[in-house]
Amino acid sequence: MKILKIALITIVCVLAIGLVGLFIFIKTFDVNRYLPQLTDSASKALGRPVKIQNGDVRLSWQGVSVGISGVSVADEAEFSQKPLLELSKADLALAFMPLVLHRQVHISTITVKEAKVNIVRLPDGRVNISALGSKPAAPPPPAQAAPPPASTATAPAAAQESASDSPLPDIYARDILIKDASVEFTDQNTQMPMHVLVAHLNVKGKHFSLTDPFPFELDAVVLSREHNVHAQGTVALDLKQGRVAFTNLNVVSDLANLDIAELAAASPALAKANLPEQWKGKLSAKIATLALGAAGLEDLKARVDVLDGMVKLKELASPLTGVRLSASADKNTIELQQITAHLKEGAIEMKGEVKDYVKSQVFSLQTSVQGIQVEDVLDPKNLPYRVKGMIKGNALLTGQGFGPDVLAKNLKGQGEFFADGTVIEGLNILKTVLGSVLGFIPGLAAQVEDMLSEKVKAKLDSDTTVLEKVHGKFSIEDALVFIDEGVVQSPVFELSAKGSLGFDMMTDMVLAVRLDPEVSTELLNGVEQMSVLSDESKRIKISGKLIGTLPQVKFVPDVQLKDVTKNVLIEEGSKQLQKVIEKNPEVGNILNSIFGAPNSSGPDTSSQTQQNAATEGQTSGEDASNDASKKAIGAILDSIFK
């Protein structure tokens with residue numbers, strides 16, 4: 001029993017001496033002596049110059065903690081002049097008992113504080129962080145102090161070979177914590193450059209390793225004022241191949257927290273685009289595989305869904321609700337399997353694909369709309385009149401590139417649209433078209449108003465246009481929508497249209513309006529000169545152009561109306577000139593001599609013949625004078641209208 005007691009006391013004394021010795025060693029150990037060796041190993045492993053400003057060792061009841069601070073990893077000049085990585089402080093908590101009893105280094109926790117990562121993607125698709133370890137860095141400055149030779153003298157040959165291949169040792173940690181980190185992403189894509197800051201990034205990892213996959217989860221602030229992105233999955237780091245691979249990665253985000261103003265500021269192209277005024281929705285991304293290597297994206301298998309979405313566009317009077325999106329992606333193609341939305345009672349459906357989305361970005365999109373109310377598309381507050389009706393249609397859109405300027409230039413498409421039960425309140429199209437004609441011809445408006453029936457007047461006095469049918473076929477090219485075939489039918493007119501509408505709403509349309517038979521008949525019977533506007537079916541046809549910027553457009557009749565104007569002016573002018581001739585017969589003689597008068601048929605000795613000749617001569621003279629008057633007025637107008 002006494003021997004056992006002595007043995008226990010001896011063991012306790014040895015442990016105490018060992019602990020005191022370990023405490024003294026830790027307190028007097030200068031980590032900074034080994035910083036040159038550490039930075040050299042890290043530089044070779046990462047292929048970038050690494051700097052570490054300071055290191056320290058601390059002892060507590062939880063164990064031993066080794067810390068480094070002021071760490072920076074330089075980037076290659078072709079990517080950025082800014083450091084690829086900066087971190088304020090990193091601590092490695094070592095398990096105490098394995099270190100004391102077995103002289104083994106077990107890292108319980110790695111804690112990284114305020115790390116800053118600068119990720120740059122070049123126009124050719126290469127990403128700086130993916131090239132880590134792909135080539136050695138420039139040699140670091142010479143070491144200030146050599147480490148003790150015993151640290152490598154006893155190392156086996158196999159270990160030395162392994163060290164030459166992978167300068168950093170295999171590191172395992174039970175936990176890794178990254179607190180308040182930030183990732184700055186710069187995409188130098190020439191079509192759509194982008195700069196995004198991922199802030200307040202917090203990461204928790206289990207069983208951290210530089211060789212084996214380990215699980216992690218993170219929360220971050222992305223283009224928002226609060227944490228709005230959560231992700232969890234498994235990541236594997238391969239420094240020798242410069243590769244990072246994620247598996248079973250799930251990402252969720254609430255789109256309502258995505259700040260649209262910050263999104264617009266992230267890219268000049270987005271700043272020019274008509275971004276939504278507001279949006280909501282639950283985004284879920286399930287990424288089976290995501291691998292990044294030295295050349296950029298190596299592998300991807302992902303599915304993205306958006307549920308319960310809402311999008312408010314300033315161009316639409318009502319918001320899009322019930323927005324749903326289902327898409328899948330691999331490293332080359334994004335397949336838009338379904339995009340649906342509701343505009344009040346109407347429905348919008350889309351599907352398509354984007355090929356080579358990293359570089360060429362070639363896309364196609366099939367779109368259809370059903371049961372959309374015009375009032376929900378065109379805000380009455382932005383129009384001088386109110387439009388009601390239901391529209392439907394479809395379109396196939398193709399293009400290349402997603403920058404606003406590139407998209408407008410390369411976008412092509414074709415489709416057709418229909419509108420039923422359309423009513424335009426505050427605009428009488430027939431009255432507007434006729435007004436453009438009547439106002440063009442002096443005195444014609446009053447003449448027409450006096451001779452129209454009450455039934456036709458009622459049609460013209462109405463402030464509403466009812467359209468029985470609207471149908472059009474269109475194509476898109478060079479930032480223009482071409483109306484290849486447009487037909488509008490109303491109870492009082494038919495309209496055909498062909499022309500273009502720019503993305504800037506500039507309108508250049510050729511219109512032809514045929515009035516209904518009743519209105520045409522009354523106008524033709526009352527105003528003979530309008531017969532030049534009559535077509536083969538005795539209906540008035542008025543052609544012209546619709547020009548201006550929507551919604552402020554105007555109808556300009558074409559040049560054929562000058563014939564009507566000329567005829568009316570000749571008729572009215574000759575009447576006035578005849579009054580002058582009656583008071584001054586010599587004026588008539590002058591006009592007859594210039595524009596021609598009927599020749600005399602010779603003398604007749606018969607008294608009856610003389611009397612008849614006198615009567616006929618008077619009539620013939622009046623006709624000749626009137627004819628000369630018209631010729632005179634016509635000659636004057638010909639010189640004006642040339």
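The values are calculated or read from the model by the stated rules, or taken from the named source; none is laboratory data. Computed from a prediction, not measured in an experiment: that's the story for all the values here. In this analysis, Cβ positions are derived from the backbone assuming ideal geometry, glycine residues included, and neighbour counts consider all displayed protein chains. For accessibility, only protein heavy atoms count, side chains too; no ligands or nucleic acids. Shrake-Rupley method; radii C 1.70, N 1.55, O 1.52, S 1.80 Å.
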With all protein chains present, how much of the accessible area of the range 489-540 (probe radius 1.4 Å) comes from carbon and sulfur, to the nearest whole percent? 55
How many angstrom lie between the C-alpha centres of the range 232-303 and the range 335-359? 19
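May I ask you to give the solvent-accessible area per residue for the range 468-561, in square angstrom, as obtained with a 1.4 angstrom probe?
Details: 4630 Å² over 94 residues.
Per-residue value: 49 Å².
To the nearest 0.05, how large is the calculated FRET efficiency for Ala199 and Lys469 if R₀ is 56 Å and r is the Cβ-Cβ distance?
So, using R0 = 56 Å, E works out to roughly 0.50.
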Whole-Å semi-axes of the ellipsoid equivalent to the range 284-379 (Cα gyration tensor, √5λ, descending): 32, 14, 11
Probe 1.4 Å, accessible area per residue of the range 356-426, Å²: 52
Measure up Lys331/Lys409; Lys457/Lys541; Lys388/Lys538; Lys282/Lys344 against 24 Å on the Cα-Cα distance and list the ones that go over. Lys331/Lys409; Lys388/Lys538
Charge dipole (debye, nearest 20) of the range 287-402; +1 at Cβ of Lys and Arg, -1 at Cβ of Asp and Glu: 320
How far apart, in nm, are the 7 Å Cα→Cβ label points at Thr340 and Thr190? 4.2
Please give the Cα centre distance for the range 202-225 versus the range 489-517, rounded to the nearest Å. 60
For Glu518 and Lys392 in one chain, what is 0.36 nm times their gap in residues minus the Cα-Cα distance, to one decimal in nm? 42.1 nm
At R0 = 30 Å the Cβ-Cβ FRET efficiency linking Val487 and Glu536, nearest 0.05, sits at 0.95
Using a basic spin-label model with each label point 7 Å from the Cα along Cα→Cβ, how many nm lie between Lys498 and Ser453? 3.5
Based on the Kirkwood radius over alpha-carbon pairs, what value in µm²/s does the Stokes-Einstein equation return for the translational diffusion coefficient of the range 493-543 at 37 °C and 0.692 mPa s? 270
Just to verify a number: FRET efficiency for His106 and Glu298, C-beta to C-beta distance, R0 = 30 Å, to 0.05? 0.35
